[in-house]
Amino acid sequence: MSKSSNNKILLSHGSGGKLSHDLIRNVFIKYFNNDVLTQQTDSAILDLIEGNLAFTTDSYVVDPVFFPGGDIGKLSVCGTINDLAVSGAEPLYLSSSFIIEEGFSIKDLETIVKSMADEAKKAGIKIVAGDTKVVDRGKCDKIFINTSGIGFLDPERKNISTGDKIQVGDKIIINGSIGDHGIAILAARESLHFKLDLESDCASLHHLIGEVLSISSGVKFMRDATRGGLATVLSELAENREYGIDLEETAIPVKENVKGTCEIFGFDPLYMANEGKVVMVVGNSDEKGIIDVLKRNPLGKDSAVIGEIVDSHHGQVALQTEVGGRRIVDMLVGEQLPRIC
């Protein structure tokens, strides 16, 4: 074997032959090792559970693949876990598939896979199936990852993903500052020379969400504010509903360096992507207890009540601005910052 085949991905690594076998054994099995995956069957055989299954899938093409606070691997695991968790489900199993460009560093691939394994272990879930494909140079930008996830959903929480039980007077909560991920990616991609001292908020939220659900049945809706940001999540929620949403700009947590960078580049923090933020709609009487629980967790220490459901401007989100004005907030049109996740 040539020296280059030891440290770079070759087309042969996707051939299904010895190099494929070695890559799976020396990288993927090495870090993802668990009792299901090591069976190496064509389908993962999972224990059945009683109740509803939540199932989600997502693809990750973030550029750059390494950024302050994470990388494409950590992002793929956190993103899929969060999609399950905000539906009220307990994440159990993930699959992961890789499309890798010929010439990609095996050392970088191992770093990415290790970060996935570390995040999965921390989250208490198993990566039980996967696939690897290699494409010619120039046919893929370094590496793309697809992850799918399965979780257990208590039937009593099926309404959380639809928001069908939302009513006027309910409060809107977010677990911390918005825009961190988007600005961290922008800084890494554009090699900004001024010091931002900012990391992506990329994190798995299901333990935090589980703590809330364990003390309250008053959570009526949850969504992670990823692409399109907070504004798009709430605009989608309000669309075609018999209620409106009022937001207070001064109540929405935004770090000063995020605000400043957004002003320089002409971005709006409300539309910036996040990878560790959950938006909750909760009953008015549950607001204080939920905020108390969130603030005790490091991922929720900056939680805030940012608005409420109102019986006016039905189907729309209205923002009370910092300067005393009022404007309608719509969902993102176009792409504010591409390849964010």
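The values are calculated or read from the model by the stated rules, or taken from the named source; none is laboratory data. The structure presented is a predicted model; accordingly, all values stated were derived computationally and were not measured. Reconstructed Cβ throughout: ideal geometry from the backbone, glycine too, with neighbour counts over all protein chains shown.
Structure notes:
- When each of ILE209, ILE178, ILE215 is tested for being more than 14 Å from ASN274 (Cβ to Cβ) and under 14 Å from the mean Cα position of the chain (by Cα), the lone residue that passes is ILE209.
Quick grid of which residues meet (1) buried (at least 22 other Cβ atoms within 10 Å of the Cβ); (2) touching a Lys or Arg at 6+ places or on another chain (Cβ under 6 Å); (3) free of Cβ contacts under 8 Å to residues at least 60 places away in the same chain:
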site	(1), (2), (3)
SER95	no, no, yes
PHE98	yes, no, yes
GLY103	no, yes, no
ILE106	no, no, no
THR111	no, no, yes
LYS121	no, no, yes
ILE125	yes, no, yes
THR132	no, no, no
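- Every residue from the range 171-189 that is within 14 Å of ALA231 (Cα to Cα) and among the polar types (S, T, N, Q): SER177
- For the range 314-329, the set of residues classified as exposed (fewer than 15 other Cβ atoms within 10 Å of the Cβ) and touching a residue at least 24 places away in the same chain (Cβ under 8 Å) consists of HIS314, GLY315, THR321, GLU322, listed by residue number.
- Per-region count, the range 151-165, residues surrounded by fewer than 22 Cβ atoms within 10 Å (Cβ to Cβ) and touching a Leu at 6+ places or on another chain (Cβ under 9 Å): 6
- Any hit, the range 35-55, residues being under 30 Å from ARG223 (Cβ atoms) and among the acidic types (Asp, Glu): yes
- Qualifying residue in the range 49-65 (condition: surrounded by fewer than 18 Cβ atoms within 10 Å (Cβ to Cβ), in a helix (DSSP H, G or I) and at pLDDT below 95): no
- Of residues in the range 186-205 being in contact with a Leu (Cβ under 7 Å, 6 or more places away or on another chain) and not in a loop (DSSP other than H, G, I, E, B), the one modelled with the highest pLDDT: LEU186
- Residue count for the range 276-288 under the criterion of being surrounded by 15 or more Cβ atoms within 10 Å (Cβ to Cβ) and either out of contact with any Ser or Thr (no Cβ under 6 Å at 6 or more places or on another chain) or polar (S, T, N, Q) (or both): the result is 9.
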